[in-house]
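Chemist: Questions regarding the structure given below will be posed in turn.
The values are calculated or read from the model by the stated rules, or taken from the named source; none is laboratory data. Remember, it's a predicted structure, so these values are computed and weren't measured experimentally. Cβ coordinates were reconstructed from backbone atoms using ideal geometry, including for glycine residues, and neighbour counts include every protein chain displayed.
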Amino acid sequence: MRVDKFLWCVRYYKTRNIATQACKKGAVKINGDAVKPAREVFPGDDLQIRKNQVNYELKVLEIPPNRVGAKLVDLYRIDTTPREAFENQELLKFSKDYYRKKGTGRPTKKDRRDLEGFTDEHADES
């Protein structure tokens, strides 16, 4: 089975087209080698997938006949992704919530308080 079809069948990508694009960008590797979408996948292969800033690692157990339900995915692959990869994603999510790009949108209440000391009208009160 093609690698893009396999990743779609085991629900790592929503469509085959998205899986194909990920292969073309080099986000999918089999046994450490970047692959094209048409590369065949065999039981026993180790796949590395870079998706949403997480490096997923999985081992192919069996080739599914077609797209399978979410409950049956574990019959066809073993997810060996280290827990640290998901923890790093959580930390990244928190840091993105706190910081925003400078100059985008209105200042927040905290930003306005920080700016009060620099304006002339509030400098006299201090």
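Chemist: Tally time: how many residues in segment 12-32 are closer than 18 Å to residue 77 by Cα, loosely packed, with under 14 Cβ neighbours inside 10 Å and within 15 Å of the chain's Cα centre (by Cα)?
Modeler: Residues meeting the conditions: 1.
Chemist: For residue 35, state whether it is more than 28 Å from residue 91 (Cα to Cα), in contact with a helix residue (DSSP H, G or I) (Cβ under 7 Å, 6 or more places away or on another chain), modelled with pLDDT of 90 or more and surrounded by 18 or more Cβ atoms within 10 Å (Cβ to Cβ).
Modeler: Numbers: more than 28 Å from residue 91 (Cα to Cα): yes; in contact with a helix residue (DSSP H, G or I) (Cβ under 7 Å, 6 or more places away or on another chain): yes; modelled with pLDDT of 90 or more: yes; surrounded by 18 or more Cβ atoms within 10 Å (Cβ to Cβ): yes.
Yes: the conditions hold for residue 35.
Chemist: Among the residues of segment 59-81, write down those that are touching a residue at least 40 places away in the same chain (Cβ under 8 Å) and either part of a loop (DSSP other than H, G, I, E, B) or among the aliphatic types (A, V, I, L, M) (or both).
Modeler: Those that are touching a residue at least 40 places away in the same chain (Cβ under 8 Å) and either part of a loop (DSSP other than H, G, I, E, B) or among the aliphatic types (A, V, I, L, M) (or both): 60, 63, 64, 66, 67, 68, 70, 73, 76.
Chemist: Could you please let me know if residue 125 is more than 20 Å from residue 2 (Cβ to Cβ), modelled with pLDDT under 90, assigned to a loop (DSSP other than H, G, I, E, B) and among the acidic types (Asp, Glu)?
Modeler: Here the answer is yes, as residue 125 does meet what is asked.
Chemist: A further question follows. For the structure I just gave you, tell me whether residue 19 is in a loop (DSSP other than H, G, I, E, B) and at pLDDT 80 or above. Explain how you work it out, then say what you get.
Modeler: On the way: in a loop (DSSP other than H, G, I, E, B): no; at pLDDT 80 or above: yes.
The answer is no for residue 19.
Chemist: Additional query: Of all residues in segment 1-20, how many are touching a Phe, Trp or Tyr at 6+ places or on another chain (Cβ under 8 Å), of a type in the set (A, V, I, L, M) and touching a residue at least 40 places away in the same chain (Cβ under 8 Å)?
Modeler: Number satisfying all stated conditions: 2.
Chemist: Going by the conditions given, is residue 6 assigned to a helix (DSSP H, G or I) and aromatic (Phe, Trp, Tyr)?
Modeler: yes
Chemist: Can I ask one more? So which of 96, 14, 101 ends up being among the basic types (Lys, Arg) and modelled with pLDDT of 80 or more?
Modeler: From the options 96, 14, 101, the qualifying one is 14.
Chemist: So which of 111, 45 ends up being modelled with pLDDT of 80 or more and surrounded by 10 or more Cβ atoms within 10 Å (Cβ to Cβ)? Talk me through it step by step, then tell me what you get.
Modeler: On the way: 111 fails: modelled with pLDDT of 80 or more.
On inspection, the qualifying residue turns out to be 45.
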